[in-house]
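Heads up: the structure comes next, in structure tokens.
The values are calculated or read from the model by the stated rules, or taken from the named source; none is laboratory data. Since this is a predicted model, take the numbers as computed values, not measurements. In this analysis, Cβ positions are derived from the backbone assuming ideal geometry, glycine residues included, and neighbour counts consider all displayed protein chains.
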Amino acid sequence: MPVNSSLTTAFYAAPQFPDDAQRLFEAGCRAVGLGEAGPPSPLPANRGFASALVLAREWGMSDLEAELVAAIEASYEPTWDTERAEFTWGMGLGEPHPRGQYNAYLATAEAAGPGRWTALSAAPIESCPQIVGVDFPSMALSRAEWVGDALHLSLAPMVENPRALTEFRLVGAEPRLWFITGIDNAMMDTRGADVVFRVPMVSADMVLMPGIY
């Protein structure tokens with residue numbers, strides 16, 4: 001197997017054999033010039049550089065991460081489609097639709113961070129309360145994060161309209177009251193075991209704070 005194919009092989013091996021995967025990864029990086037002479041410009045369209053970015057972030061290789069981010073931004077045509085509310089990478093392929101597998105690896109790299117790929121592969125994801133039923137693409141959430149007991153949401157509507165309402169649900173939470181801060185004219189009620197929130201179509205950072213049961 002050519003050593004420059006090992007960037008993706010190391011991606012699959014990393015959660016199972018991290019030491020061997022890292023040696024394989026470093027050999028692959030040398031083969032394509034990463035961390036030394038620099039990667040080819042423009043980058044060829046393949047999975048290897050995206051999976052390399054996952055592993056650079058997995059193992060905290062900040063210099064390599066910065067090098068890959070710059071090369072990917074310059075070569076892979078990151079594109080925001082305002083009509084479809086869709087972010088994709090064209091990869092320089094000139095195809096009518098973005099290449100699915102290559103985009104999947106790049107999206108994985110965007111979500112990567114120290115230890116995340118290993119943790120994801122090590123055990124099933126623990127269930128937790130989460131937001132569902134967002135009316136995408138009319139409304140999107142640019143943030144949905146638990147900080148302690150509070151849920152922080154950043155609303156990002158495609159078109160702002162304070163007089164229009166959209167709704168989404170919180171599922172999997174224990175039955176209780178919730179307090180909403182950070183946004184005006186938001187409403188809340190329960191539907192079975194779910195908590196339903198109706199909020200105006202505005203950009204806002206809202207926080208759901210737990211109250212009494």
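Quick look at the numbers
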| quantity | calculated |
| --- | --- |
| I131 being modelled with pLDDT under 95, surrounded by fewer than 13 Cβ atoms within 10 Å (Cβ to Cβ) and either of a type outside the set (F, W, Y) or closer than 30 Å to W178 by Cα (or both) | no |
| Any hit, the stretch 20-28, residues being acidic (D, E), free of Cβ contacts under 8 Å to residues at least 60 places away in the same chain, out of contact with any helix residue (DSSP H, G or I) (no Cβ under 6 Å at 6 or more places or on another chain) and closer than 19 Å to S121 by Cα | yes |
| L155 vs. criteria in the same structural domain as M206 (by TED's automatic domain parsing), under 15 Å from the mean Cα position of the chain (by Cα), surrounded by 13 or more Cβ atoms within 10 Å (Cβ to Cβ) and not small (G, A, S) | no |
| Some residue of the stretch 139-147 being of a type in the set (G, A, S), surrounded by 14 or more Cβ atoms within 10 Å (Cβ to Cβ) and touching a Lys or Arg at 6+ places or on another chain (Cβ under 8 Å) | no |
| Filter result for G92 (assigned to a loop (DSSP other than H, G, I, E, B), touching a Pro at 6+ places or on another chain (Cβ under 9 Å) and at pLDDT below 95) | yes |
| Breaking point among (1) without any contact (Cβ under 8 Å) to a residue 24 or more places away in the chain; (2) surrounded by 13 or more Cβ atoms within 10 Å (Cβ to Cβ); (3) more than 18 Å from the chain's Cα centre (by Cα), for P124 | (2) |
| Top-ranked residue of the stretch 166-182 - restricted to ones that are farther than 14 Å from A150 by Cβ and of a type in the set (V, I, T), ranked as surrounded by the most Cβ atoms within 10 Å (Cβ to Cβ) | T166 |
| Residue check for R169: under 25 Å from E83 (Cβ atoms) and out of contact with any Leu (no Cβ under 9 Å at 6 or more places or on another chain) | no |
| Index of the failed condition, T9 passing every other in (1) without any contact (Cβ under 8 Å) to a residue 24 or more places away in the chain; (2) surrounded by fewer than 14 Cβ atoms within 10 Å (Cβ to Cβ) | (2) |
| Conditions (1) under 30 Å from M158 (Cα atoms); (2) surrounded by fewer than 20 Cβ atoms within 10 Å (Cβ to Cβ): number failed by V54 | (2) |
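Every residue, every condition in (1) assigned to a strand (DSSP E or B); (2) over 23 Å from D20 (Cβ atoms); (3) touching a Lys or Arg at 6+ places or on another chain (Cβ under 8 Å); (4) in contact (Cβ under 8 Å) with a residue 12 or more places away in the chain, yes or no:
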site	(1), (2), (3), (4)
E36	no, no, yes, no
P39	no, yes, no, yes
P44	no, yes, no, no
L53	no, no, no, yes
A70	no, yes, no, no
L106	no, yes, no, yes
A109	no, no, yes, yes
